[in-house]
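Notes follow the structure.
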Amino acid sequence: MKALPFLSLLPRLPGPRFPAALLGATVLELVVLTGHLVAYPFGLTQERRTQPDPPPETTPGAAPGTPGTHPNRLPGSPTAERPVVLLHGFIDNRSVFVLLRRTLARHGRRHLASLNYSPLTRDLRTAAELLGRHVEEVCARTGQREVDIVGHSLGGLIARYYVQRLGGDRRVRTLVTLGTPHGGTAVAPGAGIHPIVRQMRGGSALIEELRRPAPGCRTRFVSFWSELDQVMVPVGTACVDHPDLDAVNVRVTGIGHLALPVHPAVAAAVREALETQETREGTVPSTGTSSVA
């Protein structure tokens, strides 16, 4: 499979067989956790929604209401800047994406929207329906037909359900997942207590539902997974493995679960993945794995 251009941005660190790599990743996880606990209160509320953008520029001398000659400025055009929707993981909030938002904003992404779903939500399908309404609102506000989504952990699974089972593929061009249990994980704290966590277990009814055929799904999947992610058991469960989905699985070495949405190299690779232009027409879904080690 052809190498993706953003893979060179990812760190080439020792694999998980080396104790030093696991120790380093564990220390980094603790640092990230400490920083996130500090930032967590600032992300408890939903973000403020901005006003719609002004109408696109028109060609000089053209009649009022006539679209301009710059297709990338036309709302809804295929080459227009798509909004990016960020979706956090279990018992988390939008504060986890502070660094990723900065990276995307520094490189010209103007439409960045985060969605907080309640930790009291008892069904992943309900969260996926909420995501669908949020995407429709973002499209209406920005004038775009499509969005990109970046989901961390459970957030990626919610987004996948929306895309694959609720018709969200008509709205989502690219779905990037970070440490998402696509195949279900055997390590899920409180699995016997919270219904959504039970749905993330391997063999759950929801995971089996995502294994069903999805012919014609138009969304492109890019799944980042780490060999040192101790929340994903086995680690390969964070890969998208479905014959009907156009998916690339990107292996990241040297970092754990919590570091995936905040590591600068991963953030740069996510940005490149979102900016990669691939024509949908005539493509054949292909599931593969790209390695950076």
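Read the figures in this text as sums done on the coordinates, not as results from a lab. Source: prediction; values computed, not measured. Neighbour counts are summed over all protein chains in view; Cβ atoms, including those assigned to glycine, are modelled from backbone coordinates with ideal geometry.
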Please give the peptides 231-244, 261-274 ranked by average Cβ packing (other Cβ atoms within 10 Å per residue), highest first, as a rough proxy for protection.
261-274, 231-244
Taking placed amide H atoms and a strict 5 Å upper bound, the residues 5 or more places from residue 250 or on another chain that come that close are 223, 224, 225, 290
From the phi of every residue in segment 217-227, what ³J(HN,Hα) in whole Hz does the Karplus formula 6.51 cos²θ - 1.76 cosθ + 1.60 yield, where θ is phi - 60° and glycine or proline is x?
4, 8, 6, 8, 9, 10, 10, 8, 9, 10, 5
Testing the spin-label approximation: label points 7 Å from Cα along Cα→Cβ at residue 165 and residue 39. State their distance in nm.
3.0
Highest first, please rank the peptides 206-214, 142-150 by the mean number of other Cβ atoms sitting within 10 Å of their residues.
142-150, 206-214
Label points 7 Å out from Cα along the Cβ direction at residue 209 and residue 141: separation in nm?
2.7
From the square roots a ≥ b ≥ c of the eigenvalues of the alpha-carbon gyration tensor of segment 110-165, which class results: rounded (a/c under 1.5), prolate (a/b over b/c), or oblate?
prolate
For residue 230, what residues show an amide H to amide H distance below 5 Å, using hydrogens built from the backbone and excluding near sequence neighbours?
257
Taking K and R as +1 and D and E as -1, what net charge do the other residues with C-beta under 12 Å from the C-beta of residue 187 add up to?
0
